[in-house]
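S.K.: Please see the structure below; I have some questions.
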Amino acid sequence: MVGGYAGKILEIDLTTRSLHETPLDYDEARKYLGGSGLAAKVLYDRVGPEVDPLSPENLLIFMAGPLTGTPAPTSGRHAVVTKSPATGIFAESDSGGTWGQALKWAGYDGIIISGKASSPTYLWVKDGDVRIRDASHLWGKDSYETDDIIKSSVGERAVVACIGPAGERLCKLAAIMNDGYDGRTTGRAGVGAVMGSKNLKAIAVEGSRKPSIVRRGELLENLKTIIPQIKEYMVAMTKFGTGNGIVATEASGDMPIKNWRQGSFVEGAGVTSGQYMAEHYLVRNYHCASCPIGCGRVIKVENGPYKTAEGAGPEYETLTALGALCLNDNLEVIMLGNELCNRYGVDTISAGAAIAFAMEAYEKGMISQEDAGGLDLRWGNPEAIIGLIHQIGKGEGLGLLLGEGVRIASERLGGLAPEWAIHVKGLECAMHDPRAYHSMATGYATGNRGGCHLQSASYLWERGPQAFKTAIPTMPFEWYEDRHGLENKGKLTVNCQNLMSVMDSLKLCKFVFNGRVGIENFANWTSCITGLDISADELMEAGERLYNLKRMYNVRHGISRKDDTLPSRILSHKRGTGGSAEFLPKFGEQLSEYYDARGWTEEGIPAEETLRRLGLDFAVKHLPVAARI
Amino acid sequence: MQVLFAPPYNDAVGQRTVTVQLSEGAHVAGLLDLLVEMFPPLRQALTDALGRLLLGSEFFATVDDKVAKADQVLHEGSSVRLFPAIGGGARIESGRFTA
């Protein structure tokens, strides 16, 4: 018996309204673990380069991990995997909350959605019973309203994942929201648009089938020490959320400011920080399932022009994307902007990036006030930020263009606009700067979904080197001791990406590293829960396998070294002031080191021997002719 | 009053809690200066190269479980807690603080 897994995957064809259950292949599960790893294998096998991301032939895959739905700390997560309409390549997005746990307790490790419903539809899954229901009364409703309406029909214990109006309109910034007013999000890469393209409004899940835990006593004994340790180390995140480090982040030069042009934002950081939010607006903490940290915020703005409902407050990425990136120092604007993005179902990182892009285009005379529907897009203008979020969410005016993402928006504007479209492979970069943490240069450039900070998250090591010694104990300290160092950063990125692939597949939250836990703990928890004796080395090898699998998916779509790059603003413009004023990463050399450490060719293609070593023999036939050795 | 050190500061101090005597009307900043004098390894964690306290940036203090600013007055019986920032992380100058 293998614990942790539900042992079944649900497959639904919305075109034919047919569904069936597939037994989980445990050999595949051992190789690809679960979460985005297992889902990536499904996508690789079934969605080739010829498939349009918004066509019925694309798959939308929701997948929990083997630890989801168990007491393993921070395991309350699920993945969404598909081909991205924003980038045209591999997309994975990750969310916390309780939906992943509810999916597992409903009896499934994952749901694979194919086809397209003939009319708006939602799914209701309870303890193995699956219903395909009419959603015409939900179409057009925002995500909070959708959650309320569905739960009034199926019961308050249901947990809902849904799209808002942005996903319905196939906006490329569209997210899939879950857990209603608690605003958990699979935000990146336009996964919400794929859901909208299938006329699928929501998936509601509920269940009582907790997965078995093979060595429960051993696990719980271990957690008696680990959980208090995590809580002790992470007091700041519990009290002030992920925004607790905003002031330090600005001071270190890591915070992108004014569309990545400016080096300092001292006063602004102080009044848009997690501690400022806790002092003035916090109602209570929010905990994802099985999480002892509780970094989530529940906030309320009671009065004034930026009033909000009581609900999810902004995290670090949102605080910066709608704050410093747009030169906005009004926290209430950020909180309302966050709520609007949640309701419309829009990725806050990409929304902030798109707004900052528009502000720069306005400054440079490429967009007029008339183009913006009367909005004055001067830097930091609250009405511009709120107004553009409405436009993006509704698909109106300038929002229609910005909702295509900054890559396409800049191409359509023309001229020098691509110079200030800050993205990698079509995904807007997240709110950490490679000029402050040099390994993020290859981290962003080689991220399998584009400009993502979490595919490597190597800045975590460079930011708190002493704290992260336990994460990968065998990784040399000198690789990450100096965040502005010029050596070994490619190798650091490789190792961090492999570990993050493990996290994305087991479905653990990456903040847990701050609690001084690492790969040895994850191997222990996985072994106790599944009953399979999995070592730390085996997990890291699985992580390497998964990273290469996702890369090969992208290679099949034409990705190579020419695409592994950074915007010139990050590559060659210094910040000028603040904590990283004069630093630039040595990108070219770092990338070559990265490819070498990966066992890839100089063109960024996994070598045949690398694929075979990792058990990815089936992918060899997809190597470009010039790469086959 | 009692001062509670969250990890990793407890490692630097060698204990989880200490009791200190301060004159009535002392401020949080004064307490922090005293702690840095009492426990020199804390200096790297709590101050920058110029000796300025990094309160609200690299670390936080609560008094009776409420966020404290440097100029907040302390009273006998107050319970103070020190803990590091996580989101912005550990030291700006990597590696200087040994946990």
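S.K.: Which count do you get for residues in the range A:608-619 that are within 17 Å of A:LEU546 (Cβ to Cβ) and in contact with a helix residue (DSSP H, G or I) (Cβ under 8 Å, 6 or more places away or on another chain)?
M.R.: Going through the range A:608-619, the residues within 17 Å of A:LEU546 (Cβ to Cβ) turn out to be A:610-619.
Those left that are additionally in contact with a helix residue (DSSP H, G or I) (Cβ under 8 Å, 6 or more places away or on another chain): A:610-612, A:614-617, A:619.
Within the range A:608-619, residues that are within 17 Å of A:LEU546 (Cβ to Cβ) and in contact with a helix residue (DSSP H, G or I) (Cβ under 8 Å, 6 or more places away or on another chain) number 8.
S.K.: Any residue in the range A:182-191 that is of a type outside the set (S, T, N, Q), at pLDDT 95 or above, surrounded by fewer than 24 Cβ atoms within 10 Å (Cβ to Cβ) and over 19 Å from A:LEU427 (Cβ atoms)?
M.R.: So far as the range A:182-191 goes, yes, one or more of its residues are of a type outside the set (S, T, N, Q), at pLDDT 95 or above, surrounded by fewer than 24 Cβ atoms within 10 Å (Cβ to Cβ) and over 19 Å from A:LEU427 (Cβ atoms).
S.K.: Right, A:TYR344: surrounded by fewer than 24 Cβ atoms within 10 Å (Cβ to Cβ) and assigned by TED's automatic domain parsing to the domain that holds A:GLY245 or not?
M.R.: no
S.K.: Check B:HIS75 against each of (1) more than 14 Å from chain A (Cβ to nearest Cβ); (2) at pLDDT 90 or above; (3) surrounded by fewer than 20 Cβ atoms within 10 Å (Cβ to Cβ) and name the one condition it does not meet.
M.R.: (2)
S.K.: Could you list, in sequence order, the residues of the range A:141-176 that are part of a loop (DSSP other than H, G, I, E, B) and under 19 Å from A:LEU54 (Cα atoms)? Spell out the reasoning first.
M.R.: Within the range A:141-176, the subset part of a loop (DSSP other than H, G, I, E, B) is A:141-142, A:155-158, A:163-164, A:169-173, A:175.
Correct list: A:ILE163, A:GLY164, A:ARG169, A:LEU170, A:CYS171, A:LYS172, A:LEU173, A:ALA175.
S.K.: Right, another one. Any chance the range A:16-27 includes a residue that's within 24 Å of A:ARG209 (Cβ to Cβ), within 26 Å of the chain's Cα centre (by Cα) and either among the polar types (S, T, N, Q) or at pLDDT 95 or above (or both)?
M.R.: yes
S.K.: Among residues belonging to the range A:247-266 that are among the β-branched types (Val, Ile, Thr) and either surrounded by fewer than 24 Cβ atoms within 10 Å (Cβ to Cβ) or more than 10 Å from chain B (Cβ to nearest Cβ) (or both), point out the one that is nearest to A:TYR437 (Cα to Cα). Working first, answer last.
M.R.: So the first thing to find is which residues in the range A:247-266 are among the β-branched types (Val, Ile, Thr), and the list is A:247, A:249, A:257, A:266.
Filter once more, so that each one left must be either surrounded by fewer than 24 Cβ atoms within 10 Å (Cβ to Cβ) or more than 10 Å from chain B (Cβ to nearest Cβ) (or both): A:257, A:266.
On the way: A:ILE257: 15, A:VAL266: 19 Å.
Taking the candidates together, the pick is A:ILE257.
S.K.: Say whether the condition of being farther than 23 Å from A:CYS291 by Cβ, of a type outside the set (D, E, K, R) and in contact with a Ser or Thr (Cβ under 9 Å, 6 or more places away or on another chain) is met by at least one residue in the range A:145-163. Break it down into steps so the answer makes sense when it comes.
M.R.: Of all residues in the range A:145-163, those farther than 23 Å from A:CYS291 by Cβ come to A:145-146, A:148-150, A:152-155, A:163.
Narrowing the set further to residues that are of a type outside the set (D, E, K, R) leaves A:146, A:149-150, A:152-155, A:163.
Add one more test, that the residue is in contact with a Ser or Thr (Cβ under 9 Å, 6 or more places away or on another chain), and what stays is A:163.
Within the range A:145-163, one or more residues are farther than 23 Å from A:CYS291 by Cβ, of a type outside the set (D, E, K, R) and in contact with a Ser or Thr (Cβ under 9 Å, 6 or more places away or on another chain).
S.K.: May I pose another question? From the list B:ASP33, B:ASP64, B:ASP48, which one is on the phi > 0 side of the Ramachandran plot and not basic (Lys, Arg)?
M.R.: B:ASP64
S.K.: Still on this structure, I have one more. Condition first: assigned to a loop (DSSP other than H, G, I, E, B) and free of Cβ contacts under 8 Å to residues at least 12 places away in the same chain. Now tell me which residues in the range A:462-481 satisfy that.
M.R.: A:GLN466, A:THR474, listed by residue number.
S.K.: I'd like the residue in the range B:40-72 that is small (Gly, Ala, Ser) and closer than 13 Å to A:ALA251 by Cβ and, out of all such residues, is farthest from the other protein chains (Cβ to nearest Cβ).
M.R.: Within the range B:40-72, the match that is farthest from the other protein chains (Cβ to nearest Cβ) is B:ALA49.
S.K.: Which residues, taken from the range A:403-429, are buried (at least 24 other Cβ atoms within 10 Å of the Cβ) and on the phi > 0 side of the Ramachandran plot?
M.R.: A:GLY405, A:LYS425, A:GLY426
S.K.: Now a separate question. Identify, please: which residue in the range A:375-402 is part of a helix (DSSP H, G or I) and small (Gly, Ala, Ser) and is, among those, surrounded by the most Cβ atoms within 10 Å (Cβ to Cβ)?
M.R.: The selected residue is A:GLY399.
S.K.: For residues in the range A:573-582 being closer than 23 Å to A:CYS452 by Cβ and modelled with pLDDT of 95 or more, which is surrounded by the fewest Cβ atoms within 10 Å (Cβ to Cβ)?
M.R.: Per the criteria, the residue is A:HIS573.
S.K.: What residue, among those in the range A:583-612 that are surrounded by fewer than 16 Cβ atoms within 10 Å (Cβ to Cβ) and in contact (Cβ under 8 Å) with a residue 24 or more places away in the chain, is nearest to A:GLY426 (Cα to Cα)?
M.R.: Among those that are surrounded by fewer than 16 Cβ atoms within 10 Å (Cβ to Cβ) and in contact (Cβ under 8 Å) with a residue 24 or more places away in the chain, it is A:GLU603.
S.K.: Here's another thing I want to ask about it. Out of curiosity, is A:SER273 within 7 Å of chain B (Cβ to nearest Cβ) and either touching a residue at least 60 places away in the same chain (Cβ under 8 Å) or small (Gly, Ala, Ser) (or both)?
M.R.: When the stated conditions are applied, A:SER273 does not pass them.
S.K.: Among the strands (runs of 3 or more DSSP E) contained in the range A:31-134, which hold 2 or more residues that are over 30 Å from A:ARG612 (Cβ atoms), modelled with pLDDT of 95 or more and not assigned by TED's automatic domain parsing to the domain that holds A:GLY192?
M.R.: Numbers: elements: A:60-63, A:78-83, A:90-95, A:110-114, A:121-126, A:129-134.
Here the list is empty.
The values are calculated or read from the model by the stated rules, or taken from the named source; none is laboratory data. Predicted model only: the values in this text are computed from it and were never measured. No Cβ is skipped: glycine too gets one built from the backbone with ideal geometry, and neighbour counts run over all protein chains shown.
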